[in-house]
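The values are calculated or read from the model by the stated rules, or taken from the named source; none is laboratory data. None of these values were measured; they are calculated from a predicted model. Cβ coordinates were reconstructed from backbone atoms using ideal geometry, including for glycine residues, and neighbour counts include every protein chain displayed.
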Amino acid sequence: MSSSTTTATLRILSHNILFLPEWRQSLGQSKRARLMARADYLRGHDVVFFQEAWDPNATKIVREALQEQYPFQTPVAGHSYGGWNATSGSFSRLTAANAGVFIASKWPIVFQQQHVFRNASGGERLKNRGFVYAKILYNNSKHIHLINTHLQTDGAFMSDFAECAQMRVLQLQEIRDFIASSGIPHEEPVIIGGDLNVVKASWEYGALVKENLVVMEPTQSLGHPYSWDCHRNSFIAHYSWAGCMVLDYLLVAKAHSSRVRSFVVETMLVQPRESFQVSKWFKKSWTVRDYSDHYPIKATITVDL
């Protein structure tokens, strides 16, 4: 370690916040946004990754509430060309939805790029689904590289599952190839996170780690065992047949992990202090007491910079 190298502790949080457009489903988006704005779990990090930030009003509430602590925020990927240093992939102006992902940072963002996946299936072809890449100046002196994404969802029918899994493979490879072609120095860490829609207890995850993304896994996992838990989470209790899963991740690109000393991830079982009513399509309204259908995850990474 050179005399100019310091050991830093990076704190990163990722949360799929379920901000579907209010006109589509009334899931208490603005109410939950106000609760999140006061929530402790969003405080005290270096960076926060958000997914499913599709409702503009709810997203605005969260952005403004976090502005003091995280003054550097990317736009939502896939919405427009405005505000980005670069755009890559298959961006379309004629789209049903943006990617719903953005990054909020305590440290200056010195470069930000949106990438729209070239590969998608089903209704996902109508969306600008992709990822945000941001280069931040940690402690105003060291570069950290961040990628926040939300991969292809499964289709409505069992027959769609294999095709959707293949799309996720191709999307992960787009991220892998983006990192490899970006000229990032190997000593600078690259952290990848978000809702990957990959079940940890599956072949997809093993292939993700070893081939399709090529990452370093956490050295320790703490907290709740699942990020999507239909037995505990009131938003998805009606999916009890689906089981409980890990779908959300924070990972380090293997080629940029040589200086990582420790890497701990915790799934946070957090709830607001009050309950509220939500409704979905033609279902009767029901009472929930959760911020989202996903639980947030946080990483603590000790690394030499």
Query raised in the report: If you check 257, 279, 240, which single one turns out to be closer than 24 Å to residue 36 by Cα and among the polar types (S, T, N, Q)?
Result: 279
Requested in this report: Of the conditions (1) within 16 Å of the chain's Cα centre (by Cα); (2) more than 30 Å from residue 143 (Cβ to Cβ), residue 246 clears all except one; give me its number.
Outcome: (2)
Query raised in the report: Where residues in region 131-153 are among the polar types (S, T, N, Q) and in contact with a Gly (Cβ under 8 Å, 6 or more places away or on another chain), which of them is nearest to residue 167 (Cα to Cα)?
Result: 149
Report summary line: Counting only strands (runs of 3 or more DSSP E) entirely within region 176-262, those with at least 1 residues that are in contact (Cβ under 8 Å) with a residue 24 or more places away in the chain and buried (at least 18 other Cβ atoms within 10 Å of the Cβ) are 190-195, 248-253
Report task. Scan region 1-27 and report the pairs whose first residue is closer than 19 Å to residue 284 by Cα and among the hydrophobic types (A, V, I, L, M, F, W, C) and whose second residue is modelled with pLDDT under 95 and part of a strand (DSSP E or B), with Cβ atoms within less than 6 Å and a gap of 6+ or a chain change. Result -> 27/278
Report task. Only one of these is in contact (Cβ under 8 Å) with a residue 60 or more places away in the chain and either more than 18 Å from residue 135 (Cβ to Cβ) or not polar (S, T, N, Q) (or both): 32, 63, 43. Name it. Result -> 32
Query raised in the report: Just to be sure, is residue 37 free of Cβ contacts under 8 Å to residues at least 40 places away in the same chain and among the aliphatic types (A, V, I, L, M)?
Result: yes
Report task. Out of the residues in region 180-194 that are touching a His at 6+ places or on another chain (Cβ under 8 Å) and among the aliphatic types (A, V, I, L, M), state the one that is farthest from residue 152 (Cα to Cα). Result -> 184
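Residue by residue, here is whether (1) more than 18 Å from residue 147 (Cα to Cα); (2) touching a Cys at 6+ places or on another chain (Cβ under 9 Å); (3) of a type in the set (A, V, I, L, M, F, W, C) holds:
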position	(1), (2), (3)
29	yes, no, no
34	yes, no, no
39	yes, no, yes
50	no, no, yes
72	no, no, yes
Report task. Residues being assigned to a loop (DSSP other than H, G, I, E, B), touching a Lys or Arg at 6+ places or on another chain (Cβ under 8 Å) and of a type in the set (Phe, Trp, Tyr): count how many of those fall in region 263-293. Result -> 1
Query raised in the report: Hey, among the residues in region 81-115 that are without any contact (Cβ under 8 Å) to a residue 60 or more places away in the chain and under 15 Å from the mean Cα position of the chain (by Cα), which one's surrounded by the fewest Cβ atoms within 10 Å (Cβ to Cβ)?
Result: 98
